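For reference, the structure is listed below as structure tokens.
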DNA sequence: GGCTCAGGCGCTCAAATGAGCGGACAGTGG
DNA sequence: CCACTGTCCGCTCATTTGAGCGCCTGAGCC
């Protein structure tokens, strides 16, 4: 059962030659004057005895384990979890932006149409993007300037510049004061054109907000009353303006009519929708969005990823059942 | 050069399937819809990027790395280094004894003749030995009772009992007061018989002492004057009573004639001579013994092993040159 | 002594894998 | 615009490896 000291040493010797020096088992066997079968059995025993340990670690700031787990549990095409401290939002956004930029660079081809929505978490994409296949870049939502003045138009232009493709922007707010003015805005030619292009978008980047004060720029914008009315209709979060319910499917509400931007129905037919989100408080909303299937990619940080996985009842940590 | 986040994740995913779940590369490739070549390249990249780390560690209290290194550097047939704290001699002796017992159990066959010399470090063998091929067990040296009364006769009897073979003991001290009384003692029938059997010994266990106060039971026994005279003749240590010089070869001295026990010349023709030693201060003497070739096995602890390797000029840490 | 049974060993044959090659493709400088 | 260059990819073919089998040996038990 337990190997003797001389066996342990032989195991280690064989393991060093095999794993570190990349020699073949037959080769090692010849040198030691034993059969290649014995070498194989020694290596097996070495693993069992703990002489050889194979660790698969996170590297390059990416938590691979959580990433794969998210991919598996939510059936995502793209899931990337970065290992960054939760409590520095600026650093976190920058890092998420870098990763999102990477993903877009890999995913987007010249035949794609890229759509960018407004969200704080998308801000980091602009500075990080370098090369992108030339393709149209479409503004998916109205603008909602952040406190620092950066907005979706700037982002679309910056990305289009990196791509060499055409930016398609329009000037309209994300949230109109009422349904009527929203209708008027939507009739503006460039808004209509963008809306038309939206149906041709194949890759989109969006943010996810939770329907609570401070966790959604839209919730904060519409005011508490409108927010609460939407909640009564089942809204738990929004995907760059598209309101969703607990099961992640689009929810119609009077508020929807005030929002200028991509709708849940439009998102549903886009091939690749990469979402960005941070903050553990958003676990509920993000989980809903992922389950609902409107998004099929998530870029986030370890804190939120863990919260998501903890909340998901299906097969917690059941690696062996991974298919 | 540096892999992107998605690549890192793919690497980790593939690595997990390959290393942890023991799936074949082709299998993984089919599942992921990529070629088996790409899987292989991802695994290579994963190793290079540090996503996959293969550690080959000490296990079961045996420092495999130092063991193999000693084996290589000194050309030993058996080298076992235990990871035990230096400063608990009793624990250390017990552990060395256990390991020595293991080695003897593996090395000794029914056709062998086992010889046991006196040394403090051999004391642990007695309690540890369990099964041994039936073979004659020969006392190699005179007795030199330790402060706790345990001696070589007890050891020989205990080992013979475990073996089922015959113990061959004699009553004589390890060091006689003078050459004349040593001669007398050697003429005793049972001493002579043991000496005769010694020439038939095929496996021996011995201790190594350094020729300094407190580092050799013999040095301590003979007194400082005789000790210093021997040192003047080049003695740097002793292998269970057989005096050796700096190059590890036997040294003749007047003192030799007072010692009742196996000689260097006798050791030289024994197939397997396993030595036990502990204490970094003994590095010089043990190094000499190993280089001299009178012993071809060493069981020791990490502290002394490191001291030995540090002192050895040849190929320090030159793993790549290991043959 | 003779018995069985478990464990270690090396064999065969099929599957898995690696080395090296050439094609495709993107970036680069004339 | 086009040749050049380095990189990534998948192919072929030879080598390496694994699965499963039967043999042998030694221990325990009649």
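Structure summary
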{"read-out": "Chain lengthening between residue B:180 and residue B:224 when straightened (0.36 nm per residue, less Cα-Cα)", "value": "13.8 nm"}
{"read-out": "Separation of the residue A:196 and residue B:196 label points, Cα + 7 Å toward Cβ, nm", "value": "11.6 nm"}
{"read-out": "The stretch B:81-139: mean projected area of Cα convex hull, nm²", "value": "4.1 nm²"}
{"read-out": "For the stretch B:23-130, fraction of C-alpha pairs farther apart than 19 Å, in %", "value": "64 percent"}
{"read-out": "Radius of gyration and maximum dimension Dmax of the protein assembly as shown, Cα, Å", "value": "37.9, 125"}
{"read-out": "Tail weight of P(r) past 14 Å, computed on alpha-carbon pairs of the stretch A:8-51, percent", "value": "36 percent"}
{"read-out": "Overall dimensions of the stretch B:198-273 by Cα: Rg and Dmax, Å", "value": "11.9, 35"}
{"read-out": "Å³ per residue enclosed by the Cα convex hull of the stretch A:65-209", "value": "128 Å³"}
{"read-out": "Paramagnetic reach from residue A:32 (point 7 Å along Cα→Cβ, amide N under 12 Å) across the stretch B:119-142", "value": "none"}
{"read-out": "Gaussian network model of chain B, springs between alpha carbon atoms under 10 Å - residue of B:15, B:204, B:133 with greatest fluctuation", "value": "B:15"}
{"read-out": "Approximate shape of chain A as ellipsoid semi-axes (Cα gyration tensor, √5λ), whole Å, largest first", "value": "49, 22, 15"}
{"read-out": "Pairwise label distance in nanometres, residue B:24 with residue A:87, each label 7 Å out on the Cα-Cβ vector", "value": "5.2 nm"}
{"read-out": "Percentage, to the nearest whole number, of Cα pairs in the stretch B:138-296 over 27 Å apart", "value": "18 percent"}
{"read-out": "Between the stretch B:6-49 and the stretch A:73-143, the alpha-carbon center distance in angstrom", "value": "25 Å"}
{"read-out": "Residue of chain B nearest the B-to-A rotation axis [by Cβ], rounded angstrom distance", "value": "B:54, 3"}
{"read-out": "Computed lengthening from residue B:171 to residue B:57, 0.36 nm per intervening residue step minus Cα-Cα distance", "value": "36.5 nm"}
{"read-out": "Scattering profile of the stretch A:66-110 at q = 0.18, 0.20, 0.24 Å⁻¹ [log10 I(q)/I(0), Debye over alpha-carbon scatterers]", "value": "-0.64, -0.75, -0.92"}
{"read-out": "Volume in Å³ per residue [convex hull over Cα atoms, computed for the stretch A:1-78]", "value": "148 Å³"}
{"read-out": "Helix-derived mean residue ellipticity, 222 nm - over the protein assembly as shown, DSSP H n ≥ 4, -39500 (n - 2.57), to 500", "value": "-12500 deg cm²/dmol"}
{"read-out": "Largest-first ellipsoid semi-axes for the stretch A:208-323, taking √(5λ) over the Cα gyration tensor eigenvalues, angstrom", "value": "25, 16, 12"}
{"read-out": "Max mean-square fluctuation residue, GNM over chain A, Cα-Cα springs under 10 Å, options A:33, A:164, A:223", "value": "A:33"}
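Values quoted throughout were computed directly from the atomic coordinates according to the rules given, and no laboratory measurement underlies them. Nothing here was measured: the structure is a model prediction, and the numbers come from that model. No Cβ is skipped: glycine too gets one built from the backbone with ideal geometry, and neighbour counts run over all protein chains shown.
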